1. Can you give me the number of residues within the stretch 125-137 that are under 24 Å from E39 (Cα atoms) and either of a type in the set (F, W, Y) or touching a residue at least 24 places away in the same chain (Cβ under 8 Å) (or both)?
2. Which residues, counting only those in the stretch 87-105, are polar (S, T, N, Q), open to solvent by less than 70 Å² (accessible area, probe 1.4 Å) and either closer than 22 Å to C41 by Cα or more than 23 Å from the chain's Cα centre (by Cα) (or both)?
3. Restricting attention to the stretch 62-70, does a residue exist that is under 30 Å from Y410 (Cα atoms), assigned to a strand (DSSP E or B), modelled with pLDDT under 60 and in contact with a strand residue (DSSP E or B) (Cβ under 8 Å, 6 or more places away or on another chain)?
4. Residue under question is L116, and the condition is that it be among the hydrophobic types (A, V, I, L, M, F, W, C), assigned to a strand (DSSP E or B) and farther than 20 Å from N49 by Cα; does it hold?
5. For the stretch 418-432, how many residues meet the condition of being more than 9 Å from T444 (Cβ to Cβ) and within 26 Å of the chain's Cα centre (by Cα)?
6. Can you tell me which of I103, I84, I43 is modelled with pLDDT of 75 or more, in contact with a strand residue (DSSP E or B) (Cβ under 8 Å, 6 or more places away or on another chain) and assigned to a loop (DSSP other than H, G, I, E, B)?
7. So which strands (runs of 3 or more DSSP E) are wholly in the stretch 198-314 and hold at least 3 residues that are hydroxyl-bearing (S, T, Y), open to solvent by 10 Å² or more (accessible area, probe 1.4 Å) and touching a strand residue (DSSP E or B) at 6+ places or on another chain (Cβ under 9 Å)?
8. Which number in (1) more than 13 Å from I91 (Cβ to Cβ); (2) open to solvent by less than 40 Å² (accessible area, probe 1.4 Å); (3) at pLDDT 95 or above marks the one condition that F137 misses?
Amino acid sequence: MKILSYPNKLWTIAALVAMAITLSFSSCLSSDDEIVTTEECAIVTFGVNSITSEVITKKYDSKGNAKDTVVNRMISSSDINFNIDQKNGVIYTVDSLPNWTDITKVVPTFTCYGNLFYQREDSLYYLLASGRDSVNFTKPVKMLCVSTSGVAIKEYIVKINKCSTNTDTLEWSPVKSNLSIKGGNKAFYMKGNVFAFAKNEEGGNIVSYANQANAEYWTSPVNIDIDCKSVLVFNNKFYGLGADRCIYSASAESIATWTKVSDKQVDRLLAADNYYIYALAGDSIIGSSDLMTWAVQGKADTEMLPETDICSFYRKSPTNYNLSSVVMGGISSNNDKNAVVWYKVSSSESNSNQDWGYIQITHDNDYSLPRLDNLSMTFYQDALYAIGTKNGKFQHLYRSSDFGVTWHTYNKLYLLPEKMKAEDGAASIIAVNNALWIIQENGTIWQGSIQ
């Protein structure tokens, strides 16, 4: 077998071992210039940088006309987890990535004992630098870990699994869990766990959580003195309103401990993005980055703000690191036909930060989101999804690819679970990594993904 460390330089296995030793010299010198080597060779940790892919999707105008559009979809590195099978020398993704993921130029990040080489399409091996060199993972990749002493070599096969089809359809499977709640819930995904804020049989506010890998088992409910329907996430912490109308916060690790973080009394918590948390105070939408200093960030149409079933989401701009698009939706007593949806562009710079604006329902827009009981929304794969009931039945899975301006049902592609019934209780919808979860009052967790 021939080995290639850099272009135009061929190496034998013996030469590769020699080069591995040479590479170790520069990084393994002690203070008295003695060379330190070891016979250990193993990949200890393995991951990849975030993957951005160009995907052709359909965008719809206000009249429902479709047009193919190229968009960038990113899968965060934290959502791509690998398992290392040391016994069999196999490294693979725990969950299959969506079919649209471009894995032709993926940058691995790893720690290892020794030096790591990978085999390219020309069957030759190249030295691999963690976090710097890209690898084509469309086929399983052979990697060699060579000890710094040159005595030992360990071979690995590294695979990135993808869904095999690209039908862009949504398929569901049920999981029966021990979750015990009464009525609707407000769900969040944080740090590998799914949290459900709800009521118990006695009407008290509770929270329970389950690990993303085990939807069957939820922790025993924790009683909290926070309005469970007011909770939102800001800067990787939970925030909610106490009985005194002040804002309290808790971490995912200490969900039972809520601490007052602001003496500002507000009427309603509304939304949060990566810069601000927003609330209603009087007739104004106010925002704060530190929970101490508040500024008005909207005064128009505040009578149309959501009062119940409030959901909010934001997405960082793919072209401007300092901008984020934020959507807020819910139910208002001033609109008996439609749900209300609000939008803003958020920035830490005052000249780029915009006030909240109500998305008006015009006569030429036949694709607004209807008013639904127990409305729940989430953001998944560059689109908003909403569910709820009307006349005691789940209607459709509503989808918006234009930040809440228009909503479509796509009854041949995006369907609710066929056996999900309203008599089994209210439900929330939440994005969990590359999947959607619907969490129902009777403890059934519906899990689905778009392939």
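1. 3
2. Within the stretch 87-105, T93 is the sole residue that qualifies.
3. yes
4. Here the answer is no, as L116 does not meet what is asked.
5. 7
6. On the way: I84 fails: assigned to a loop (DSSP other than H, G, I, E, B); I43 fails: assigned to a loop (DSSP other than H, G, I, E, B).
Step by step, each of I103, I84, I43 is checked, and only I103 is modelled with pLDDT of 75 or more, in contact with a strand residue (DSSP E or B) (Cβ under 8 Å, 6 or more places away or on another chain) and assigned to a loop (DSSP other than H, G, I, E, B).
7. Details: elements: 205-211, 232-234, 237-241, 247-250, 259-262, 268-272, 277-281, 284-288.
Passing ranges: none, list empty.
8. Condition (1) is where F137 drops out.
The values are calculated or read from the model by the stated rules, or taken from the named source; none is laboratory data. Just so you know, these numbers come straight off a predicted model, no measurement behind them. Note that we place each Cβ from the backbone using ideal geometry, even for glycine, and neighbour counts take in every protein chain shown. We work out accessible area using only protein heavy atoms, side chains counted, and drop any ligands, DNA or RNA first. Shrake-Rupley method; radii C 1.70, N 1.55, O 1.52, S 1.80 Å.
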